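What follows is a single structure, written as structure tokens, with notes after it.
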Amino acid sequence: RLEGMRAFLECVNAKCVNLYWVLALHRPAWDYLNRVFRREQRFVTQFQIPRWNAGEIRKLILSRHHRSRFRLQYDELLLAAKASTETTNLRAAESRVFNLLWEQSNGNPEQALHLWLAAAQKCKGSLVRIGLPARPPLTALAPLGDDAFFVYAAIVIHRRARSEELVACTNLPEAIVRHALKIGINLQVLEYGEDRRYGIRPLWYYTVITLLARKNMLHG
């Protein structure tokens, strides 16, 4: 099923004048292909997009929140137990929120945005309360069997895939693949796009890959 990638690598390795290739891959796909085609890859330069720091994530989220015109209020668990003034208390809470967002998102801005939205609770009027940002727990996926995890691992590696493509790359019966996809949609772990492709929801991404790595279904 990897004929397309092999043909692409042949093009990359061909001697051409005034021609260069730029290939963008997310990390799970790169780790997988790097193991399959280790001897055939001839990429001269590799760049890894750096993770954002807590300050950059804070600037992104607050700039977007500013447009909503909602006032922020932080959960009591985020407020300092001992603070000299209310302003100091709020600053401490805000610092805790964005440090937690940075930690839970691994510096991924898209993940941080989804964690922020999941932590936000609409209150009365123009007030929004922010709770503790946290990834979905691993225990939510515990009842699923290994067949479903093989399907989700294939989705992670390909980033997005159609059901027939998942049947082909996992070599599982179509009924099992479709059942795994249905469960994923019901649990809101998966999303289904207009292109008829399934993907892992950003909020669930690190929970899913953490569990798959523990089961040795992902490497790297």
Completion exercise
Flagged in region 120-139 as without any contact (Cβ under 8 Å) to a residue 12 or more places away in the chain and not aliphatic (A, V, I, L, M), in numbering order, are Q121, K122, K124, G125, T139
Handout entry: Members of region 189-203 found to be on the phi < 0 side of the Ramachandran plot and of a type in the set (D, E, K, R), listed by number
Key = E191, E194, D195, R197, R201
Fill in the blank from the handout: How many residues of region 1-33 are open to solvent by less than 70 Å² (accessible area, probe 1.4 Å), within 20 Å of A154 (Cβ to Cβ) and outside any loop (DSSP other than H, G, I, E, B)? The answer is 8
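Here is a list: A118, A112. Which entry is open to solvent by less than 10 Å² (accessible area, probe 1.4 Å) and at pLDDT below 95?
Exactly one of A118, A112 is open to solvent by less than 10 Å² (accessible area, probe 1.4 Å) and at pLDDT below 95, namely A112.
For (1) farther than 22 Å from H114 by Cβ; (2) open to solvent by 30 Å² or more (accessible area, probe 1.4 Å); (3) aromatic (F, W, Y), each residue gets a yes or a no:
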| residue | (1), (2), (3) |
| --- | --- |
| R160 | no, yes, no |
| I176 | yes, yes, no |
| R196 | yes, yes, no |
| I200 | no, no, no |
Handout entry: Filtered residues of region 34-57 (kept if open to solvent by 100 Å² or more (accessible area, probe 1.4 Å) and touching a Leu at 6+ places or on another chain (Cβ under 9 Å))
Key = R42
Problem - Close pairs (8 angstrom Cβ cut-off, 6 or more residues apart or separate chains): basic (K, R) in region 1-26, assigned to a helix (DSSP H, G or I) and surrounded by 10 or more Cβ atoms within 10 Å (Cβ to Cβ) anywhere - result: R1/A168; R1/C169
Exercise for the section: With the checklist (1) at pLDDT 95 or above; (2) more than 22 Å from D195 (Cβ to Cβ) in hand, flag the one item I155 doesn't pass. Expected result: (2)
Practice task
Go through region 121-134 and give me each residue that's open to solvent by less than 40 Å² (accessible area, probe 1.4 Å) and outside any loop (DSSP other than H, G, I, E, B).
Solution key: L127, V128, I130
Exercise for the section: From (1) within 25 Å of S105 (Cβ to Cβ); (2) over 16 Å from the mean Cα position of the chain (by Cα); (3) not acidic (D, E), pick out the condition that doesn't hold for I155. Expected result: (2)
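The values are calculated or read from the model by the stated rules, or taken from the named source; none is laboratory data. Because the structure is predicted, anything quoted here is derived from the model rather than measured. All Cβ positions, even for glycine, are placed from backbone atoms using ideal geometry, and neighbour counts span all protein chains on display. Accessible surface areas use protein heavy atoms only, side chains included; no ligands, DNA or RNA. Shrake-Rupley method; radii C 1.70, N 1.55, O 1.52, S 1.80 Å.
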